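Following: one structure in structure tokens, then a few remarks.
The values are calculated or read from the model by the stated rules, or taken from the named source; none is laboratory data. Note that the structure is predicted; figures quoted are calculated from it, not measured. Glycine gets a Cβ as well: all are built from the backbone with ideal geometry, and neighbour counts include every protein chain shown.
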Amino acid sequence: MAKRETDIARAEKFCSSLGLRMPILLAPMAGACPPQLSAAVANAGGLGACGALLMQPDAIQEWAASFRARSNGGFQMNLWIPDPPAERDVAHERAVCRFLSDWGPEVEPEAIEVAAPDFSEQCEAMLEAGPTVISSIMGVYSSEFVHRMKEKGIRWFATVTTVDEAKAAEEAGADALVAQGMEAGGHRGAFQAESAETAMIGLFSLLPAVVDAVEVPVIATGGIADARGTAAALLLGASAVQIGTGFLRTPEAALPSVWSEGIGRANPEDTRLTRAFSGRAGRSLVNDYLRAAHRPDTPEPAPYPVQRSLTQAMRSEATKNNELSRMQAWAGQSAHLAQTRPAEELADALWKQAEELLS
Ligand SMILES: Cc1cc2nc3c(=O)[nH]c(=O)nc-3n(C[C@H](O)[C@H](O)[C@H](O)COP(=O)(O)O)c2cc1C
């Protein structure tokens, strides 16, 4: 009993340090975090999120303004730490394009736009937007940027997928760590692209190992979508949970309907880790495109972000036409737990039930 009270007390301490009323964080999801979803989670007392990977600086400011028009709550803004530039291999990319031509418009390696928004300009825009938290994935921010964010009173949450990454992020000054289990939907946050597929650690192993290895609070993410998972994460030492797929079926997420329905139907084995959409390993619903992309005779995907650019036309068409068979439909292993009720109501009910389980 005393131990259980400690789990709630740990979560409460974390919440009060951030001005939250519940230890529920919306996961940052590039392209799937509209301000209305974040505001709903924040209005319930949790933390909103913006996955800013693909956003230009002015879009980052617009997102923050749109959130603040809907909520007085807090939010995190998130960026990927860039990998070294990918090496191009046009002959191989041509082979990938031949395969892709069965799935979408013809693409030429020379014609694709690989450039992404400028990372340092995005960082400046995040500082100016002044979120409660800036988070990272795929690595750590420079010490200079960490210093500047802390000067402004912004916390840094670092996503980690191994104990080694957890220690490195704490050493680099992270205020809290987001321990991402391999159940998670979307891209895996491994610091090295190669270890995303080799160091596949489930949250039940990763979470207590990270909690034991560091002093800073640990947030659990990956496969948590209901009160049972939330309570279990707190019992394993988490100070809060971060939920992605579990919020994707809410009306505020406004997902293409086939993706939302696919999430609702998916058993854990109906998702898989794949590089076939972006070149970086991420977890998606299994669809016809993925089955073909993982056949032994299909060329390996190009590295990130080249593969992302090569598949852009196919992915855009799939979204426009609401076709699940070739859609980049990220989802975690607990997809089937995702509910379609409004996000504020969902967060509220989830935390109430988790508190009951823990009391
Ligand atoms: C559609 C989608 C997009 C994502 N984009 C990002 C991102 O831009 N940055 C990031 O740190 N994590 C991203 N993630 C991972 C989530 O932040 C989180 O780790 C994951 O959703 C947790 O697992 P769950 O989906 O089972 O809740 C994304 C996840 C999804 C489902």
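For this structure, a couple of remarks:
- Qualifying residue in segment 279-287 (condition: among the charged types (D, E, K, R), part of a loop (DSSP other than H, G, I, E, B), within 12 Å of the ligand (Cβ to nearest atom) and under 26 Å from Pro117 (Cβ atoms)): yes
- Subset of segment 152-182 (residues that are assigned to a helix (DSSP H, G or I), among the charged types (D, E, K, R) and either in contact with a helix residue (DSSP H, G or I) (Cβ under 7 Å, 6 or more places away or on another chain) or within 10 Å of the ligand (Cβ to nearest atom) (or both)): Lys167
- Filter pass, Ala59 being closer than 14 Å to Met77 by Cβ, within 16 Å of the ligand (Cβ to nearest atom), touching a residue at least 60 places away in the same chain (Cβ under 8 Å) and among the small types (Gly, Ala, Ser): no
- Among the conditions (1) of a type in the set (A, V, I, L, M, F, W, C); (2) touching a Gly at 6+ places or on another chain (Cβ under 7 Å); (3) more than 16 Å from the ligand (Cβ to nearest atom), Met138 misses just one, which is (3).
- Checking each residue in segment 23-38 for being over 13 Å from the mean Cα position of the chain (by Cα) and under 19 Å from Ala338 (Cβ atoms) picks out Ile24, Pro34, Gln36, Leu37, Ser38.
Conditions (1) out of contact with any helix residue (DSSP H, G or I) (no Cβ under 9 Å at 6 or more places or on another chain); (2) farther than 26 Å from Ala338 by Cβ; (3) among the hydroxyl-bearing types (Ser, Thr, Tyr), marked per residue:
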| site | (1), (2), (3) |
| --- | --- |
| Glu128 | no, yes, no |
| Ala184 | no, no, no |
| Ser205 | yes, no, yes |
| Arg228 | no, no, no |
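- Here Thr298 clears all of (1) assigned to a strand (DSSP E or B); (2) surrounded by fewer than 19 Cβ atoms within 10 Å (Cβ to Cβ); (3) not acidic (Asp, Glu) except the condition numbered (1).
- Within segment 9-48, if we keep just the residues that are buried (at least 23 other Cβ atoms within 10 Å of the Cβ) and farther than 18 Å from Phe157 by Cβ, the residue that is nearest to the ligand (Cβ to nearest atom) turns out to be Leu37.
- Any chance Thr319 is of a type in the set (Ser, Thr, Tyr) and not in a helix (DSSP H, G or I): no
- Note on segment 225-256: residues that are of a type in the set (S, T, N, Q), assigned to a helix (DSSP H, G or I) and either at pLDDT below 95 or within 9 Å of the ligand (Cβ to nearest atom) (or both) total 1.
- Any hit, segment 259-268, residues being farther than 23 Å from Gly222 by Cβ and more than 17 Å from the chain's Cα centre (by Cα): no
- Counted residues, segment 77-100 - those being among the aliphatic types (A, V, I, L, M) and more than 16 Å from the ligand (Cβ to nearest atom): 6
- Yes/no for Pro303 being surrounded by 15 or more Cβ atoms within 10 Å (Cβ to Cβ) and away from the ligand (no atom under 16 Å from the Cβ): yes
- Residue within segment 203-217 that is surrounded by 24 or more Cβ atoms within 10 Å (Cβ to Cβ), of a type in the set (A, V, I, L, M, F, W, C), away from the ligand (no atom under 13 Å from the Cβ) and part of a loop (DSSP other than H, G, I, E, B) present: no
- Tallying residues that are within 19 Å of the chain's Cα centre (by Cα) and of a type in the set (S, T, N, Q) within segment 326-354 yields 4.
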